[in-house]
1. Name the single residue, out of those in segment B:422-448 being of a type in the set (A, V, I, L, M, F, W, C), away from the ligand (no atom under 16 Å from the Cβ) and open to solvent by 10 Å² or more (accessible area, probe 1.4 Å), that is farthest from the other protein chains (Cβ to nearest Cβ).
2. Being at pLDDT 95 or above, over 13 Å from A:LYS32 (Cβ atoms) and open to solvent by 20 Å² or more (accessible area, probe 1.4 Å) is the filter here; which residues of segment A:84-94 pass it?
3. What's the number of the condition B:ASP409 fails, among (1) within 27 Å of B:ILE58 (Cβ to Cβ); (2) part of a helix (DSSP H, G or I); (3) among the charged types (D, E, K, R)?
4. Taking segment A:11-37, which residues are farther than 30 Å from B:TRP78 by Cβ and surrounded by 17 or more Cβ atoms within 10 Å (Cβ to Cβ)?
5. Please verify whether B:ARG25 is without any contact (Cβ under 8 Å) to a residue 60 or more places away in the chain, closer than 17 Å to B:ASN125 by Cβ and either within 14 Å of chain A (Cβ to nearest Cβ) or in a helix (DSSP H, G or I) (or both), treating the condition exactly as stated.
6. Determine, yes or no, whether B:ARG26 is at pLDDT 95 or above, open to solvent by less than 10 Å² (accessible area, probe 1.4 Å) and out of contact with any Pro (no Cβ under 6 Å at 6 or more places or on another chain).
7. Mind checking which residues of segment A:69-83 are exposed (fewer than 13 other Cβ atoms within 10 Å of the Cβ) and either within 14 Å of the chain's Cα centre (by Cα) or hydrophobic (A, V, I, L, M, F, W, C) (or both)?
8. Please state which one of B:HIS465, B:HIS460 is modelled with pLDDT of 95 or more and more than 15 Å from the ligand (Cβ to nearest atom).
Amino acid sequence: MARPFTPKVLTANHLLDGDVVYLAPGSRLTRKLSEAMLIEDESTAKALLEAAEARSSVLVGPYLADAIRDSDGRPRSTHIRETLRADGPSIDIL
Amino acid sequence: MYLYSEFDRTYVRNRVRMFRDQVDRRIDGSLSEEEFKPFRLMNGLYLQLHAYMLRVAIPYGTLDSRRLRQLAFIADRWDRGYGHFTTRQNIQFNWPRLKDVPDILDALADVDMHAIQTSGNCIRNVTADHFAGAAADELSDPRPVAELIRQWSTDHPEFTFLPRKFKIAVTGSPNDRAVTRAHDIGLRMVHSKEGQNGFEVIVGGGLGRTPVIGKVIREHLPEADLLPYLEAILHVYNAIGRRDNKYKARIKITVRETGIDAFRSRVEERFRIIRKEFLGADQQVIRRIRDTFAEPDYVQAPTAAFDDALRRDPAFRDFANGNVHRHKNPDYGIVSVSLKAHGRTPGDASSKQMRILADLAEAYGHDELRISHEQNVILPHVHRKDIPAVFAELSRGGLGTPNVGLASDIIACPGMDYCALATARSIPVARDIAVRLREIERDVGSLKIKISGCINACGHHHVGHIGILGLDRAGVENYQITLGGDATETAALGDRAGPGFPADELVPAIERLALTYLDIREDQDESFLETYRRTGLAPFQAALYPDAVPKGRGGHPERSNDAVS
Ligand code: SF4
């Protein structure tokens, strides 16, 4: 049985610097997960992913990542990998 | 030190020029990512979690001050002021921008370095004993052989599209510091009964998803037969290695599925055919290479300053006992510089630290440096009289940690802080274990802890005395422990201890292992590994899982390689 759709954010790496980016409202790109658009239905998610795949001069490897809405209404990751992508390395850099 | 010819220089520059053009075309949209990706990977450029990562080959871990300073320059000019030394004796820059990479590659070419064959299904950077050319126990310096293999394997037309990546390691010492038994091909220099120089050739070792200790395919291969024999192995692997399933494509699976004896017969058959084609050019080349690896001009001077410092300074004593190894010239020492300061990222060096190391190599070390697969930097030739001064300089630069070989000298792969393939973090685990065990590590003595952030095992966890593998359990990190692994000439894969630990329970669990060892060792001379071999898993398992109900009469450790087929 197909798994029920859960909310997503659309994310990719930026072509020029590899930065993690998210799709924000109005087709804008943001580097902050908290500003990303939380996509709550499957057909929109699919359409946005197709559109992102067509933006290959800016986006590398776009995909949909699970997210939830936190208490102040902003998207938050549900997986450690996405948390690290959003926040950067968890360690002090020399 | 290896020397580029004009041909090499032109070749590397041309590759940079081509890549510059490919980058331009990617940025202006004329190449898609699908088209561009193979080009960038062929130039060592990966896309990781947060940024691009450039992996630069350090041939068999050998550097000089000029090259190390250039790496420091690159780190400052185009990255974030540091580099990460890896278990493949390479350096990785974690934050380059795409448009800068051709400039970085040009800067590398300025010092005869490149990033070619640091990715893809080809023969990767050949690794070697990091004490090469200096070790007291060495039969012969393995670096000329590694250099010969490097020249032969660079852009070898037959081997640029193998079933999978291919790693070769060489050691010239009976004490294996190059992990030769966990490589696709391991070469150990040996003397035959008649005293003839040659190699024990080991094939089909490897870690990763399916860890295998390599098997001996030839007990004694005469030196002059090396390249044709390697070519024969690669040829057979290229022909029969599986290409239908990436997880079964490494030579270890080919050897296992074919059987070592049948595989050997095929190799020997091929060898007989191609041996005739090697007319001696390779032997001329290796003679020329040997000349460029001449021994340093050793200084003759009294060593009293070393003995004085030993008597006077307890901090120096710790350093000398742990970080200084026996050199073949008794007036010299091999100085291992730890990149494992407690609480720091294993293998990271700032540009400032790289410059300190370059200065020290120049002033006191015959301008030689090595990167070890254990992610430390080696000054292979330091006169004993100079070691106190070297230690003082290192300490000023945050590089004097006297922990080589101890619990905090941990191998850790980049894990999920950087790596796109990771299932869990490695670096914070290493940092926290190092800090936690600091007080007892001298008492514990030799203990190799190795951590990987996924089953690819870049952190060599299977061959750690304590191995830690980070996994993803429904979006949460979980760590599996193996015990009793060994990376040396007595290589062994660790035994899986039992269920994994969540991140917050892991460090206390590792501490319990160390304390248990202190409790049950026969005496201070019995190392962790020896104790483990004597007692088996049971007492350590009891320490790890104090609340567990004993399982019947079982008690048989689960081998870490049972889980994979
Ligand atoms: S072991 Fe896995 S996480 Fe670690 S560097 Fe290798 S691929 Fe990345």
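The values are calculated or read from the model by the stated rules, or taken from the named source; none is laboratory data. Bear in mind that the values here come from a model prediction, so they are computed numbers and not experimental data. Backbone-built Cβ (ideal geometry, glycine too); neighbour counts: all protein chains shown. When the accessible area is computed, the model is the full protein with side chains, heavy atoms only, and any ligands, DNA or RNA have been set aside. Shrake-Rupley method; radii C 1.70, N 1.55, O 1.52, S 1.80 Å.
1. Applying the filter and picking the extreme gives B:ILE440.
2. Of everything in segment A:84-94, those that are at pLDDT 95 or above, over 13 Å from A:LYS32 (Cβ atoms) and open to solvent by 20 Å² or more (accessible area, probe 1.4 Å) turn out to be A:PRO89, A:SER90.
3. (2)
4. Answer for segment A:11-37, where residues must be farther than 30 Å from B:TRP78 by Cβ and surrounded by 17 or more Cβ atoms within 10 Å (Cβ to Cβ): just A:MET37.
5. Here the answer is no, as B:ARG25 does not meet what is asked.
6. In short, yes.
7. Start the filter on segment A:69-83 by keeping residues that are exposed (fewer than 13 other Cβ atoms within 10 Å of the Cβ), which leaves A:69-73.
Of everything in segment A:69-83, just one residue is exposed (fewer than 13 other Cβ atoms within 10 Å of the Cβ) and either within 14 Å of the chain's Cα centre (by Cα) or hydrophobic (A, V, I, L, M, F, W, C) (or both), namely A:ARG69.
8. Answer to the check: B:HIS465.
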